[in-house]
1. Tell me, what is the FRET efficiency for Ala159 and Glu333 to the nearest 0.05, using R0 = 35 angstrom and their Cβ-Cβ distance as r?
2. Which peptide among 211-224, 37-50 comes first, and what is the full order, when sorted by highest mean count of other Cβ atoms within 10 Å?
3. For Val57, list long-range residues whose amide hydrogen, built 1.01 Å from N in the peptide plane, is under 5 Å from its own amide hydrogen.
4. Applying a 10 Å radius around every beta-carbon, put 72-84, 249-261, 266-278 in order of their mean neighbour count, most first.
5. Work out how much length Met1 to Glu438 would gain on full extension: take 0.36 nm times their residue separation and subtract the Cα-Cα distance, in nm to one decimal.
6. How much of the DSSP beta bridge set in the chain is antiparallel, as a percent to the nearest 5?
7. Write down the percent of antiparallel bridges among all DSSP beta bridges whose residues are both part of the stretch 1-142, to the nearest 5.
8. For the stretch 269-285 and the stretch 119-152, what is the separation of their Cα centres, given in Å?
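What follows draws every value from the coordinates through simple rules; no lab data is involved. The shown structure was predicted, so the numbers you read here are calculated from the model rather than taken from an experiment. Ideal geometry is used to build each Cβ from the backbone, glycine not excepted, and the neighbour counts take in all protein chains shown.
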Amino acid sequence: MVEPERLQVLAKRPTRNGEFVLYWMQAAQRACWNPALEHAIFLANEHALPVVVLFVVVPDYPEANLRSFAFMLAGLGETARELRERGVLFVGRVGNPVEEVLKLTEEARFVVVDRGYLRHQRAWRETLAQRAPCSVIQVEGEAVVPVELAYAREAWSAAVVRRKVQPLWPRFLRPLAEQEPAVRSLDLDLFGVDFSDPESILAKLPLDRSVHPISWPSGTKAARRRLDEFLENKLDRYTEKRSDPLSDATSKLSPYLHFGQISPVEVAWKVSQSGSPGAAAFLEELTVRRELAINFVLHNPSYDAFLGLPRWAQETLLSHARDRKPALYDLEELDQAKTDDPLWNAAQTELRTTGWLHNYLRMYWGKQFLRWSADPQEAFRNALYLNNRYLLDGRDPGSFAGVAWCFGLHDRPFPERPIFGKVRPMTPMAQKGKFEVEAYIARVRDQTQEGG
Ligand SMILES: Cc1cc2nc3c(=O)[nH]c(=O)nc-3n(C[C@H](O)[C@H](O)[C@H](O)COP(=O)(O)OP(=O)(O)OC[C@H]3O[C@@H](n4cnc5c(N)ncnc54)[C@H](O)[C@@H]3O)c2cc1C
């Protein structure tokens, strides 16, 4: 049974006849540990109806490109198969999400939808709730603690969220029981695109093809393999080694979490049961930092702009906007990693060619935009653009909060200095003592020469 705090009735309409319960899958692209799916099955069983899962591929999805679509579609093929094994029909469509959902609501008794936190995800759900002829229920599965309980307004630091969520873990950090659908939906005659062949869907979609796909294994099985390997080989050294980009001590689960291919509750539950000395530090990232990022995009209307930064950070950065910069690079030079900083160039090259970057390097990478841009607004814009264009986990609440952190969000003022003002600085020289910079640069060179 899904915890009632995860449910929100977005639209209440008189119950009417309908042939099935429709689950519009959008943020939680998985067939297990998915409270929206389980709630849809629960409702369907109560009314002796089948469940239909609809997924709509949106060709003009904000900031998406061939890299992100290829990863997503590969994972959805597996999700469709797993749903079929549970007797649930998966219908894939291409188009405007609200219009496609509305077409199926004509025959639905209820619509269940999972929860997404970004502006466009919220807007789609609001429009659907206004126009659907039946009740619409939203089920929150992408945060461990439902966000309104975690903190009902914008939180300015991790400490605030930590204090609220930790006491709630015993209630929300637990396995989700799977139910058997009482009525199978596989024989329903509903038009859908075949998701077993992602290549043919990709070939037909009018999308941005300028960013090449990469070979990360996609899907829930791949995510679980990565989680198992992390629990077995890395979690014990997470506390000491997670800040070293050469140690490979973090989970690399963020792309799977971003596409909802694995549940944050499943990950947090398994880590909390591991008894590992690294569990507390990991849970801090997954359930405090990650949920602080969700809080940011949910409550700050300018989460993707310089204006969304705390007032002190905007003021101090603007007061240093005219400081002398070591160099100025335009977006094309930054994109092509043509700066005079070999470490930054290596990080940008890794990000662009592999779709991945270690957290410590993301921090360093993001901070340097200030040193090379005409003003802090341009620095913020370029950093967010490159982050979301190339990273597999880009376009996530963590993307907006992560980039904004480089400009002072969720941080405290530091002693004032040129360019950065009171925002925490990170300079090239200071990195030498932190990790083996030359080894990292050589590794990226080797990786990218191998055909990256
Ligand atoms: C400039 C900058 C840009 C970033 N861009 C993104 C982005 O596009 N997408 C993204 O998901 N994260 C982003 N982050 C946050 C963080 O770097 C990544 O989530 C993390 O590196 C992912 O690696 P991992 O899965 O191995 O993390 P682990 O250390 O294994 O942590 C487990 C999970 O906790 C969450 N997490 C970890 N660190 C953070 C953090 N600092 N803030 C919020 N959540 C966190 C992630 O979901 C992560 O998968 C960014 C941070 C910075 C400083």
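1. 0.35
2. Numbers: 211-224: 18.1, 37-50: 20.4.
Listed from highest to lowest mean packing, they are 37-50, 211-224.
3. Sorted by chain and number, the residues that satisfy this are Arg93, Val94, Gly95.
4. Values: 72-84: 21.2, 249-261: 22.8, 266-278: 18.0.
Descending packing order for the listed peptides: 249-261, 72-84, 266-278.
5. On the way: separation 437, 0.36 × 437 = 157.32 nm, distance 5.22 nm.
Extra length from Met1 to Glu438 when fully extended: 152.1 nm.
6. Details: 5 of 26 bridges.
Expressed as a percentage, antiparallel bridges in the chain total about 20.
7. On the way: 4 of 24 bridges.
That works out to approximately 15 percent antiparallel.
8. 29
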